[in-house]
1. Assigning unit charges at the beta carbon (Lys, Arg +1; Asp, Glu -1) and nothing else, what dipole magnitude in debye, to the nearest 20, does the range 2-217 show about its Cα centre?
2. Once you order the gyration tensor axes a ≥ b ≥ c over the Cα atoms, which shape class does the range 2-217 get: rounded for a/c under 1.5, otherwise prolate or oblate by comparing a/b with b/c?
3. Give me the percent of accessible area attributable to carbon and sulfur for the range 220-381, probe 1.4 angstrom.
4. Provide the net charge surrounding THR374, with neighbours chosen by a C-beta distance below 12 Å and charges set as Lys +1, Arg +1, Asp -1, Glu -1.
5. Send over the semi-axes of the chain's equivalent ellipsoid, whole angstrom and largest first, taken as the square roots of 5 times the C-alpha gyration tensor eigenvalues.
6. If you take the charge dipole of the chain about its Cα centre, with +1 on Lys and Arg Cβ and -1 on Asp and Glu Cβ, which of LEU265, GLN218, ILE287 is farthest toward its positive end?
7. Note the direction-averaged projected area, equal to a quarter of the hull surface, for the Cα convex hull of the range 85-133, in nm².
8. Any idea how far apart ALA248 and GLU115 come out in nm if each label point goes 7 Å out from Cα toward Cβ?
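The values are calculated or read from the model by the stated rules, or taken from the named source; none is laboratory data. These numbers were taken from a predicted model, which means no experiment stands behind them. Here Cβ is always computed from backbone atoms with ideal geometry, including for glycine, and neighbour counts include all displayed protein chains. Please note that ligands, DNA and RNA were not included when accessible areas were found on the heavy atoms of the full protein model with its side chains. Shrake-Rupley method; radii C 1.70, N 1.55, O 1.52, S 1.80 Å.
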Amino acid sequence: MKAAILAAGEGRRLRPLTNRRPKPMLPVGNRPILEHVVAATAAAGLDGIVLVVGYERDRIQTHFGDGDDWDIDIEYAVQKRQLGTGHAVQQVSDRIDGEFLVLNGDRIVNADLIERMAGDVAAPAVAVTRVDQPQRYGIVDTDGDRLRDIDEKPAEPAPSEVINAGVYRFSQSVFETIERTDPDESGERTLPDALAAMAADGDVRAVRYRGTWLDVTQLWDLLATNNDVLDRQGATTRGDIAPSAAIADRVDTASGVAVGPNSTLKRGTTLGANATIGANVVISNAIVMADATIADGAVIRDCIIGENATVGPNTTITGGPAKQVVIDGEVHAEVPLGGVIGDNATLGGNVSVLPGTVLGDGSTVADNATISGTIEPDTEVRRG
Ligand SMILES: CC(=O)N[C@H]1[C@@H](OP(=O)(O)O)O[C@H](CO)[C@@H](O)[C@@H]1O
């Protein structure tokens with residue numbers, strides 16, 4: 001049996017980090033989110049994957065190629081416009097015969113769930129799980145192991161904590177059902193609407209799942225998920241680490257990393273490939289992406305440093321919580337985020353980054369400046 005994995009979306013709430021990469025390519029535990037999904041699908045013994053790609057698809061296709069590194073055949077279907085999760089599934093219709101699974105490319109689940117769904121389960125079926133913030137998802141109404149309905153992202157309070165976990169089993173008739181489903185008010189054809197139609201017509205299995213289910217909705221979720229993944233998969237230290245550097249548990253460093261003398265890496269930290277850390281640096285609970293540079297004496301906490309970004313000497317990212325962060329017009333209070341430094345951004349020396357700062361990609365900040373709030377990409381911030 002094959003799996004279609006949906007990875008065409010952008011992830012608008014994760015800007016600026018999704019300005020140059022799709023959400024499924026954001027790293028947690030030093031691997032793209034989508035790689036955790038692909039690896040679990042391969043471990044579950046499926047016969048092949050069709051990745052549905054769209055936004056910034058080259059990043060995905062270059063990384064995964066034909067799947068050789070993961071021991072599973074990977075092909076691609078392109079969703080040219082993002083017209084909903086149902087529409088995304090329609091793109092695989094001429095690449096998959098018989099029954100198949102559908103998975104979200106941006107939600108991490110265990111291989112055993114994928115194996116169960118591919119095993120002795122009658123199609124159509126949907127995995128359901130309990131989460132803390134159900135109103136972010138599709139809330140399911142079930143009767144024993146039968147799905148009655150899905151209430152997609154309802155206004156609070158959510159009627160139940162059990163949600164559509166985003167792992168489905170379908171037969172070929174799903175394509176016709178999606179075709180018959182009316183687009184929603186934003187013009188999208190969605191899988192939950194198709195499932196609700198199937199549930200009204202007959203039996204849709206609801207398969208209970210209690211294992212790992214990890215999602216990244218907001219920028220700060222990346223740090224929590226990074227920690228969870230490091231907990232589960234363990235951490236490896238690769239690269240050239242100065243003997244006087246102190247590396248805590250739950251710190252993962254990729255190949256080509258360099259860490260200078262007397263630096264301290266505290267728990268929950270990942271350093272991407274070829275990241276360079278100077279001397280006397282303190283990093284705690286941070287995702288430092290590939291090719292980033294953190295200069296001598298910098299202290300950075302609860303933050304995400306984009307690819308090829310530079311943090312100058314003695315610069316500090318104070319750490320969370322931030323009183324408020326505004327993302328896409330939405331105000332969030334008491335946010336566990338020290339800051340986000342976009343890809344290719346450059347912070348000078350002695351810069352103070354106040355809690356909750358989000359600096360756009362390609363921006364530059366002069367020496368001795370203090371920055372806060374959300375700063376657009378390609379901004380030049382002078383001192384003062
Ligand atoms: C339109 C749609 O497909 N909604 C799904 C989907 O949400 P998105 O926010 O679209 O990724 O994945 C959720 C989690 O798997 C599921 O709960 C929900 O019902």
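1. Numbers: 26 positive and 37 negative charges, 160 e Å.
Approximately 780 debye in magnitude.
2. Details: a/c = 1.36, a/b = 1.25, b/c = 1.09.
Rounded.
3. C and S fraction of accessible area: 45 percent.
4. Values: positive: ARG15; negative: ASP328, GLU330, GLU376.
That sum, taken over residues with Cβ under 12 Å, equals -2.
5. 39, 22, 18
6. Farthest towards the positive end: LEU265.
7. 4.6
8. That separation, rounded to one decimal, is 3.4 nm.
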